[in-house]
Amino acid sequence: MLLQTNHGVLEWDGTGTIRVQYDASPRLGERSIPVEALRAVEVSADLRFELREHADPLLSVTGGSFASIYHFEVADLAAAKRLASEIRIARARRAVPETPAPRWLVATPPAADALEGKDATVAVAQGLLMFAYPRSATRRKKADGNPRSVPLTDILDVEWAARAGRHAGFVRVGTAQTPLDRPKPKHDPAAVRVTPEGELDALFFAARLLTRVQP
């Protein structure tokens, strides 16, 4: 079953997989969503997929703020309701719980192993996350060494944030040694600020990194 949406074409195979071709956001490409990744399917003014926690790394690194990629505006609400009904039946047959997923169920978009930001370059190599800071970085940012490495096994979480007003977007990681009261990303050794045009690259990098530290 095919359904045209504001994001592009949504295709349901009738058994257990939904494919979305994100024509309106080409960088997202085609994403495959198994019914096991879904917590609920709702239809009101639009069609909405609610994903289980820990199903999609893009949602996890953004704290859910990227959920709009699963909100589909459709012209044919009757078709959307039929589709939602079929997906709910497939979930029920497979006894999909609403609890967090035991593993990642939606693949990340392709991402490089390195990210160049405004005040650091980060790269994944040989089981480490390497930070290299330019001369312009603050002293507090370089206080733990330059370059600085963090074992991937020490990383507990990965966070991505978009630009907010005058504050740049950023990617940052947390470990057991991360203080509860974190410094601003400008001064945080475990953060890299990104330019507006580099935010999607940063998001994909962060999501890919998350899947490496949380299988």
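Rule-based calculations on the coordinates, nothing more; no lab input. Just so it is clear, the structure is predicted and the values come from calculations on it, not from any experiment. Counting neighbours? That spans all protein chains shown, and the Cβs are built from the backbone with ideal geometry, glycine included.
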Check: the chain dipole with +1 on Lys, Arg Cβ and -1 on Asp, Glu Cβ, in debye: 720 debye
Determine the equivalent ellipsoid of the range 56-197 by diagonalising the alpha-carbon gyration tensor, then write out the semi-axes as square roots of 5 times the eigenvalues, largest first, rounded to whole Å. 38, 18, 13
Using θ = phi - 60° and the Karplus form 6.51 cos²θ - 1.76 cosθ + 1.60, what ³J(HN,Hα) does each residue of the range 195-209 get, whole Hz, x for Gly and Pro? 7, x, 6, x, 5, 5, 4, 5, 4, 5, 4, 5, 5, 5, 4
What base-10 log of the normalised intensity I(q)/I(0) is obtained for the range 37-86 from the Debye formula, alpha carbons as equal point scatterers, at q = 0.32 Å⁻¹? -1.18
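Under 15 Å from the Cβ of residue 105, count the other residues' Cβ atoms, weight Lys and Arg +1, Asp and Glu -1, and hand me the total.
Values: positive: 19, 31, 39, 52, 91, 94, 103; negative: 36, 50, 53, 56, 98.
Its environment carries a net charge of +2.
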Within the range 56-75, list the residues whose amide N lies under 19 Å from a label point set 7 Å along Cα→Cβ of residue 99. 56
Rounded if a/c is under 1.5, else prolate if a/b is larger than b/c, else oblate: which is the range 1-110, with a ≥ b ≥ c the root eigenvalues of its Cα gyration tensor? oblate
What length, rounded to one decimal in nm, is gained on full extension from residue 182 through to residue 154, with 0.36 nm per residue of separation minus their alpha-carbon distance? 8.4 nm
Take residue 128, project a point 7 Å from its Cα along the Cβ direction, then tell me which residues of the range 145-160 have their backbone nitrogen under 16 Å from it. 145-155
If you plug each phi of the range 172-188 into the Karplus form 6.51 cos²θ - 1.76 cosθ + 1.60 with θ = phi - 60°, what whole-Hz ³J(HN,Hα) values come out, in order, with x for Gly and Pro? 8, 10, x, 10, 5, 8, 5, x, 5, 9, 7, x, 4, x, 4, 10, 7
What are the lysines whose alpha-carbon lies under 18 Å from the alpha-carbon of residue 141, with same-chain residues fewer than 8 places away excluded? 118, 184, 186
Using alpha carbon centroids, what distance separates the range 138-198 and the range 46-108, in Å? 30 Å
